[in-house]
Amino acid sequence: MTLDAGGTNFVFSAIKGLQSIVDPITRPSNGNDLEKCLNSIVTGFKEVEKMLPEKPVAISFAFPGPADYPNGIIGDLGNLPAFRGGVALGPMLQAIFGIPVFINNDGDLFAYGEAIAGLLPEVNAMLTKSGNPKKYKNLFGITIGTGFGGGLVYNNQLYIGDNSAAAEIWLMRNYVDNKVFAEEGVSIRAVQSIYKQISGDNSTHTPKEIYDIADGKAKGNKDAALKAFEQLGIVIGDALANAVTLTDSIIVIGGGLANAWKFFSPSMFNVLNGKINTLSGDAVDRLEMKAFSLEDEEGRMALSKGSLTKIKVPFSDKMVDYDPMKRIGVGLSRLGTSQAVSVGAYAYALSKL
């Protein structure tokens, strides 16, 4: 059984074989009242349980942090203030339903879902089809929308860190304004703010409206709309450059703002594949590896082909494969953000049972 926990609503479901097997049930979160909130969670899971043909083997879901995820304890949440002081949500549900309970961050589960059944296996299948022996086992996932979330799959395993705080990319420094954190430049509010600043239009437009203005399909300041998404891409690109310097991985992007890929990805790739200066003023590549787009045929071909060649083993007639091109791919969610989170929750539970 799964739960998509939001500040307004809780959406409950159940998964078997990576597929949802019941119609989702939505209940109000009641985030300001702990008793009502907990009752909403219990009631939602009980309703799902009644719809199942057999007893569920686990509960696994995403819940906002901060949290001690391995022990199922939720900390002080901004959008669910009733949880302040710490609530042992996992142990409570385990006692009520009598089955194991696994709770994780949504960014982590998004990345895990895409690593299990989304972008990562697609990339490896593409490499195999092209005859390239290279395989990717690491994936860094980000979600861009209301906030800027992240998750890391290392060597095909979800990596959450010693404090359940790994891959918190939103707290990186904002490249455009280094006095604030990255999420202030990678979020719905950031796109809206830049559009307002440049256009002088004080009305609040949704990201979709700003997208349509940039696309020439709605009235407004097109230059301001394009600039808003360009700056979004710059901040994303720098944050990802810092991240993949450490992870050396495929990157997958989800969340509502990911739909604006065609407007923010050019500036994002300009940063990823750009230069950075030394103290002497010389320029070096921002990354050791080249970043290719997985959303166009040219990028997919370049990633698949690499620089594969044959070299001779010294003092021998034997030849071995050699590919000196270090490279990663960046692409959009293949499952959809919500489905990827659900698949990640399901796969994580199975890995622990």
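The values are calculated or read from the model by the stated rules, or taken from the named source; none is laboratory data. Computed from a prediction, not measured in an experiment: that's the story for all the values here. Positions of Cβ are generated from backbone atoms using ideal geometry, with glycine treated the same way; all protein chains shown enter the neighbour counts.
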Checklist outcome for this item: Taking the stretch 319-353 and keeping residues buried (at least 21 other Cβ atoms within 10 Å of the Cβ) and farther than 25 Å from residue 296 by Cβ leaves 341, 342, 343, 344, 345, 346, 348, 349
Checklist outcome for this item: When (1) within 19 Å of residue 4 (Cα to Cα); (2) of a type in the set (A, V, I, L, M); (3) out of contact with any strand residue (DSSP E or B) (no Cβ under 9 Å at 6 or more places or on another chain); (4) not assigned by TED's automatic domain parsing to the domain that holds residue 36 are applied to residue 125, the one that fails is (1)
Checklist entry - Out of (1) surrounded by fewer than 18 Cβ atoms within 10 Å (Cβ to Cβ); (2) in contact (Cβ under 8 Å) with a residue 60 or more places away in the chain, the odd one out for residue 197 is which? => result (2)
Next on the checklist: Here is a check on your reading of the model: is residue 152 within 17 Å of residue 63 (Cα to Cα) and at pLDDT 95 or above?
Outcome noted: yes
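Quick grid of which residues meet (1) modelled with pLDDT under 95; (2) closer than 19 Å to residue 108 by Cβ:
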residue: 254; (1), (2): no, yes
residue: 263; (1), (2): no, no
residue: 287; (1), (2): no, no
residue: 299; (1), (2): no, no
residue: 312; (1), (2): no, no
residue: 324; (1), (2): yes, no
residue: 340; (1), (2): yes, yes
Item to check | Within the stretch 71-101, tally of residues that are part of a loop (DSSP other than H, G, I, E, B) and either in contact with a helix residue (DSSP H, G or I) (Cβ under 6 Å, 6 or more places away or on another chain) or of a type in the set (A, V, I, L, M) (or both) | outcome: 4
Checklist entry - Counting just the residues of the stretch 123-159 that are more than 15 Å from the chain's Cα centre (by Cα) and surrounded by 17 or more Cβ atoms within 10 Å (Cβ to Cβ), which one comes out farthest from residue 250 (Cα to Cα)? => result 132
Item to check | Of all residues in the stretch 91-110 being farther than 15 Å from residue 164 by Cα and under 24 Å from the mean Cα position of the chain (by Cα), the one that is surrounded by the fewest Cβ atoms within 10 Å (Cβ to Cβ) | outcome: 101
Checklist entry - Of these, 57, 87, which one is loosely packed, with under 14 Cβ neighbours inside 10 Å, touching a residue at least 40 places away in the same chain (Cβ under 8 Å) and not assigned by TED's automatic domain parsing to the domain that holds residue 341? => result 57
Next on the checklist: Which count do you get for residues in the stretch 200-225 that are crowded, with 19+ Cβ neighbours inside 10 Å and either within 30 Å of residue 291 (Cα to Cα) or among the basic types (Lys, Arg) (or both)?
Outcome noted: 7
Next on the checklist: Restricting to the stretch 163-187, and then to whatever is β-branched (Val, Ile, Thr) and surrounded by 19 or more Cβ atoms within 10 Å (Cβ to Cβ), can you tell me which residue is farthest from residue 69 (Cα to Cα)?
Outcome noted: 186
Checklist entry - Take the residues of the stretch 39-51 that are among the hydrophobic types (A, V, I, L, M, F, W, C) and more than 25 Å from residue 110 (Cβ to Cβ): which is farthest from the chain's Cα centre (by Cα)? => result 51
